[in-house]
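J.: One structure coming up, written as structure tokens, with questions to follow.
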Amino acid sequence: MTRTHLDADELRERLPHRPPFVLMDGVEEIVPGVSGVGVKNITISDPVFAGHFPARAIYPGVLMIEASAHTCGVVEMASMEDDDGGTPQGMGVLAGVRKFSFKQMVRPGDQLRISVHRRAGLGSLTEYECVLKVGSRVVAEGSLALAGQIEE
């Protein structure tokens, strides 16, 4: 069964992450194994803003990379769902970060849209191109590699 949208509850069923490391609020588009668009609403209540930075809140680039990896993982897992929409019993892990650049700051009140597109696969590795936007502005971009199915 192909899903084109996942809300926060459906994401919790698919991702192994739990607060404060759930870095997505939803998925707006999924083409299983090919591409997807994840959404992260940046709010001042995110725990990271207690220390990054108290006088001027800036969402950390490393968390944008991890949110991108979550989006890639959802796309990969969607390609392994059974006909009833059941999720697989394992997960991939982030295996590499290449050429990620940060172009503009992301701040509370922004909605981060994370577009990922599969570029290549070799053995158990899959590479995704990632473009992160706030509105029409590209705030970050780069590529990530996921290592294949890892049993939990």
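J.: Looking at region 5-51, which of its residues are free of Cβ contacts under 8 Å to residues at least 40 places away in the same chain, in contact with a Pro (Cβ under 8 Å, 6 or more places away or on another chain) and assigned to a loop (DSSP other than H, G, I, E, B)?
T.: Pro20
J.: Take Ala57 and tell me if it is among the small types (Gly, Ala, Ser), part of a loop (DSSP other than H, G, I, E, B) and either modelled with pLDDT under 95 or under 23 Å from Ser101 (Cβ atoms) (or both).
T.: Spelling it out, Ala57 is indeed among the small types (Gly, Ala, Ser), part of a loop (DSSP other than H, G, I, E, B) and either modelled with pLDDT under 95 or under 23 Å from Ser101 (Cβ atoms) (or both).
Rundown of residues vs (1) open to solvent by 40 Å² or more (accessible area, probe 1.4 Å); (2) out of contact with any Ser or Thr (no Cβ under 6 Å at 6 or more places or on another chain); (3) of a type in the set (D, E, K, R), yes/no style:
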| site | (1), (2), (3) |
| --- | --- |
| Gln111 | yes, yes, no |
| Ser115 | yes, yes, no |
| Gly123 | yes, yes, no |
| Thr126 | no, yes, no |
| Cys130 | no, no, no |
| Gly135 | yes, yes, no |
| Val138 | yes, yes, no |
| Leu146 | no, no, no |
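J.: Checking the condition in contact (Cβ under 8 Å) with a residue 24 or more places away in the chain and open to solvent by 40 Å² or more (accessible area, probe 1.4 Å), which residue from Met80, Met64 passes?
T.: Selected residue: Met80, the only one of Met80, Met64 that is in contact (Cβ under 8 Å) with a residue 24 or more places away in the chain and open to solvent by 40 Å² or more (accessible area, probe 1.4 Å).
J.: Identify, please: which residue in region 86-140 is closer than 25 Å to Arg12 by Cβ, at pLDDT 95 or above and of a type in the set (S, T, N, Q) and is, among those, farthest from the chain's Cα centre (by Cα)?
T.: Per the stated criteria, the residue is Gln111.
The values are calculated or read from the model by the stated rules, or taken from the named source; none is laboratory data. Worth saying up front: this structure is predicted, and the values here are computed from it rather than measured. Note: ideal-geometry Cβ built from the backbone for every residue, glycine included; neighbour counts use all protein chains shown. We work out accessible area using only protein heavy atoms, side chains counted, and drop any ligands, DNA or RNA first. Shrake-Rupley method; radii C 1.70, N 1.55, O 1.52, S 1.80 Å.
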